[in-house]
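**Q** Structure provided below as structure tokens; questions to follow.
The values are calculated or read from the model by the stated rules, or taken from the named source; none is laboratory data. All values reported here derive from a predicted model rather than from experimental measurement. In this analysis, Cβ positions are derived from the backbone assuming ideal geometry, glycine residues included, and neighbour counts consider all displayed protein chains.
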Amino acid sequence: MSKLNREELERLERRELHLTIVSVVFVLILAAGLASFMYPLVFLRGGDNPRTMRVAFFGFCALTVLFVSYLLQHQRTVKKLKQELLAEFEHSLALQHQASVDLLGSMPGLDHFWDRLTMEFRRASATQKTLSLVLVKLVSSGLRTDASETASDAAKAMARKLRPTDSIHRLSEELFGVVMPETDGLNSKRIAVRLQEELQAVKAKHGGAFEVSAVNYPNDVSSAHEMEDLVKSQLPEPEEWAAPVPAK
């Protein structure tokens, strides 16, 4: 959901207020002009039925005041409704943002990723099976919304395309890792393409871009160290790694 453009809303509100003021002034000028023409006929000449003429005159003045009051009250009512709708909209945005933060916070992180990668690599090397890893990186340049909301929608979009045996991890604020046991190189690239297609909707909604890459054991790497180094190269900053070193 797009954020509110405060400057645009304030400009529209000022424009509506100006239109209301112009309408009130225009009505008052027309009413004053008509009343000035009616006054001599009602109070100076009188005519055959002066009482009826005076009732009509004062009734016209009363209707003018009521109409002006209606315009002003309408302006206040519309402004109050706008404020209530904006407050509700901002509250909805805050709830969505909190939901995104909670979702990302509940995802397995980097430490759990190293443990899972270690276990799956040992299993793959021991049973002579394949292991694939897909890395999805969010390019935040050009984002129209908060990065956490974009990352949350991206995680939900990717989860729809993964198997129950696959696991998705949040390695950094803008990097996800998907561990896919018993997946060969060709299928891992096909899955990467499907993930890229699924992320197009997220890109259209939030902006930015996604870089998706896939690596497979044993086709692309021959050891766990190579796979680890590939992951570390995608992380935003070099850190002191406390991850266990998988067995070759």
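**Q** Just the residues that are within 24 Å of the chain's Cα centre (by Cα) and part of a strand (DSSP E or B), please, taken from region 155-210.
**A** Across region 155-210, the qualifying residues are I168, H169, R170, L171, S172, L175, F176, G177, G207, G208, A209, F210.
**Q** Residues T150, T145: which one is among the polar types (S, T, N, Q), part of a helix (DSSP H, G or I) and buried (at least 17 other Cβ atoms within 10 Å of the Cβ)?
**A** One residue alone meets the criteria, T150.
**Q** Mind telling me which of the residues L186, L175, L199, L230 ends up being out of contact with any helix residue (DSSP H, G or I) (no Cβ under 9 Å at 6 or more places or on another chain), within 14 Å of K137 (Cα to Cα) and either modelled with pLDDT of 90 or more or in the same structural domain as L117 (by TED's automatic domain parsing) (or both)?
**A** The match here is L230.
**Q** Now for a different question. Name, by its number, the condition in (1) closer than 14 Å to L199 by Cβ; (2) touching an Asp or Glu at 6+ places or on another chain (Cβ under 8 Å); (3) surrounded by fewer than 17 Cβ atoms within 10 Å (Cβ to Cβ) that does not hold for V178.
**A** Among (1) closer than 14 Å to L199 by Cβ; (2) touching an Asp or Glu at 6+ places or on another chain (Cβ under 8 Å); (3) surrounded by fewer than 17 Cβ atoms within 10 Å (Cβ to Cβ), the lone unmet condition for V178 is (3).
**Q** So, one more: Under 8 Å by Cβ, and 6 or more places apart or on different chains, what pairs join a residue from region 14-27 that is assigned by TED's automatic domain parsing to the domain that holds S69 and among the charged types (D, E, K, R) with one that is assigned to a helix (DSSP H, G or I) and surrounded by 10 or more Cβ atoms within 10 Å (Cβ to Cβ)?
**A** E16/Q75; E16/V78
**Q** Has region 101-119 got any residue that is of a type in the set (F, W, Y) and either more than 15 Å from S213 (Cα to Cα) or touching a Ser or Thr at 6+ places or on another chain (Cβ under 6 Å) (or both)?
**A** yes
**Q** Would you please list the contacts, defined by Cβ atoms under 8 Å and residues six or more apart or on different chains, that run from a residue in region 89-111 that is within 21 Å of L235 (Cα to Cα) to a residue that is modelled with pLDDT under 75?
**A** Listed by first residue and then by second, the contacts come to L110/A243; D111/A242; D111/A243.
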